[in-house]
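Engineer: Below is one structure. I have some questions about it.
Since every read-out is calculated from the coordinates, none of them should be taken as a lab result. Because the structure is a prediction, the values reported are computed rather than measured. Ideal geometry is used to build each Cβ from the backbone, glycine not excepted, and the neighbour counts take in all protein chains shown.
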């Protein structure tokens, strides 16, 4: 068992950054274009004036998860978009809390409208979501031989470091060529 639970706010931020970075106007990994950007905010704010950022996020998360599963869907493994069931349940339960405090999240969402970096590693660094130890771990990651995946070493231990590396692993992909970071489940 883990000593500390996953930081769900951090997980949300990591998913938002990777989700935004993977859109067609950025890395081109999934078929959304500026859904998490200013365009998506303008469109959805009409119907969801208070919670439109979270409506944007839900749609991009669904598209990103689907696209990643199409590219590489290993059994008994986790990805940024498909974590162990207990974590996903906690994440979904936290959603209502985030909606209650949607205004507090507005600055973070707005920083993603026009990402300040042209590569994922720099973007995550600029948003203070990665540390030097994370970057050191990233330096050891490689794409698989077929280029569709980025295997993480060891097994997924449900730590913030593991989740951060699942997000950072997308930096091994190329523009228009998605490579899905994954880790083996510990109980596999």
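Engineer: Which percent, nearest 5, of DSSP beta bridges in the chain are antiparallel? Write out the running numbers ahead of the final one.
Structural biologist: Numbers: 4 of 9 bridges.
Among the beta bridges of the chain, antiparallel pairing accounts for roughly 45 percent.
Engineer: Averaging sequence separations of C-alpha pairs under 8 Å and six or more residues apart, then dividing by the length of the stretch 8-182, give the relative contact order as a whole percent. Walk me through the intermediate numbers first.
Structural biologist: Numbers: 221 pairs, mean separation 48.9, N = 175.
The normalised contact order for the stretch 8-182 reaches 28 percent.
Engineer: Another one. Quick check on the chain: helices-only [θ] at 222 nm, where DSSP H runs of length 4 and up contribute -39,500 (n - 2.57) each and the sum goes over total residues. Nearest 500, please.
Structural biologist: Roughly -15000 deg cm²/dmol at 222 nm, from the helical runs in the chain.
Engineer: With N denoting the number of residues in the stretch 124-165, provide Rg(C-alpha) divided by 2.2 N^0.38 Å, to two decimal places.
Structural biologist: Numbers: Rg = 11.3 Å, N = 42, 2.2 N^0.38 = 9.1 Å.
The value comes to 1.25.
Engineer: Is the stretch 83-188 rounded, prolate or oblate when judged by the Cα gyration tensor, a ≥ b ≥ c being the square roots of its eigenvalues, rounded requiring a/c under 1.5 and prolate requiring a/b larger than b/c?
Structural biologist: Working: a/c = 1.97, a/b = 1.22, b/c = 1.62.
It comes out oblate by the Cα gyration axes.
Engineer: Expressed in nm to one decimal, what extension gain is obtained for the pair residue 113 and residue 157 from 0.36 nm per residue of sequence separation less their Cα-Cα distance? Walk me through the intermediate numbers first.
Structural biologist: Values: separation 44, 0.36 × 44 = 15.84 nm, distance 3.25 nm.
Result for the pair: 12.6 nm of gain on full extension.
Engineer: So, one more: Where the eigenvalues come from the Cα gyration tensor of the chain, what are the semi-axes √(5λ) of the equivalent ellipsoid, largest first, in whole Å? Don't jump to the answer; show the numbers that get you there.
Structural biologist: On the way: eigenvalues 125, 73, 47 Å².
Working through the eigenvalues yields semi-axes of 25, 19, 15 Å.
Engineer: Now for a different question. If packing is taken as the mean number of other Cβ atoms within 10 Å per residue, what is the order of 66-75, 140-149, highest first?
Structural biologist: Numbers: 66-75: 15.5, 140-149: 13.8.
Ranking, from highest mean packing down: 66-75, 140-149.
Engineer: May I pose another question? Taking R0 as 30 Å, what's the FRET efficiency between residue 122 and residue 185 from their Cβ-Cβ distance, rounded to 0.05? Intermediate values should be presented prior to the final figure.
Structural biologist: Numbers: r = 31 Å, r/R0 = 1.02.
Working from the Cβ atoms, E equals 0.45.
Engineer: For the stretch 72-93 and the stretch 134-169, what is the separation of their Cα centres, given in Å?
Structural biologist: First find each Cα centre; the distance between them is then 15 Å.
Engineer: How far, in nm, would the chain grow between residue 142 and residue 70 when pulled straight, counting 0.36 nm per residue and subtracting the alpha carbon separation? Display every interim value, and only then the final one.
Structural biologist: Numbers: separation 72, 0.36 × 72 = 25.92 nm, distance 2.01 nm.
Answer, rounded to one decimal: 23.9 nm.
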